[in-house]
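The values are calculated or read from the model by the stated rules, or taken from the named source; none is laboratory data. Bear in mind the structure is a predicted one, so any value in this text is a computation, not a measurement. Cβ atoms come from the backbone with ideal geometry, glycine included; neighbour counts cover every protein chain shown.
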Amino acid sequence: MNIDTYWHILWTVYPMPMPNQQTKTISGLYDFYKKLEVDGIKYEVSQPLNASTCTSNIKPDRPILNPHSVEDDIKKLTSEKGDRIAGNIPVIDLLVDSNHIELFVKFNGDNLIQKIARLKSRSATLLSFSSESGEGGKHTWSKGIWYGKSTDIRFVPLVKNRIMQLKNASF
C-alpha cells in the first residue's frame with residue numbers, strides 16, 4: 001500500500017537566508033511547525049527550525065520579483081505537460097511573494113528534490129528572459145530548499161490554511 005506524502009517546500013529570494021537560519025523564520029513558520037508538534041501531527045523537516053539570528057546584507061535597491069509572473073512560470077513548469085524534469089508535480093497550493101516561495105505538493109517518488117532544483121533553475125532562467133529590469137538568472141534564489149513533509153492527512157488543511165492566510169495578508 002502506497003501512503004501519500006505531502007511536502008511543504010520553501011525557498012527564498014537571494015540573499016534572504018533559508019528558513020532554518022532566520023529568527024522565528026518566515027511568516028511564523030517556526031510557530032506553525034511547533035503547533036503541529038503540540039497537536040500530535042508527525043512530520044519530518046529537512047533542517048531543524050531554530051530561533052537563532054542570521055543577518056543578510058539585503059540591498060535596498062534589489063529588484064523586486066513580480067509574484068504573478070513567477071507563479072505563472074512555476075505552474076507551467078510543474079504541470080503534466082511542463083518541464084521534462086520539473087513537470088508532473090501535483091501542486092496542491094502555491095504562494096509566491098517578493099521574499100520567498102511556498103509550494104505544497106503531494107508526491108510519493110524519490111526524485112522530488114531533483115525536480116525542485118530544476119524548477120528553481122528553470123524559473124530563474126524564465127524570469128531573466130521576461131524581465132526588463134534584469135532580474136532573474138544567477139542569484140535569483142538563495143541556495144537550497146527547506147521542507148517539511150508528512151503522511152498525516154491532518155497536515156493538508158493546516159498547510160493550505162497557512163498559505164491562504166499568507167496570500168490574504170499580502171493583498
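List of remarks:
- Test: residue in the stretch 33-48 that is surrounded by 11 or more Cβ atoms within 10 Å (Cβ to Cβ), at pLDDT 85 or above and among the polar types (S, T, N, Q): yes
- Any hit, the stretch 24-32, residues being at pLDDT below 85, within 26 Å of ARG154 (Cβ to Cβ), β-branched (Val, Ile, Thr) and crowded, with 18+ Cβ neighbours inside 10 Å: yes
- Per-region count, the stretch 81-139, residues within 13 Å of SER69 (Cα to Cα), surrounded by fewer than 17 Cβ atoms within 10 Å (Cβ to Cβ), modelled with pLDDT under 80 and not acidic (Asp, Glu): 5
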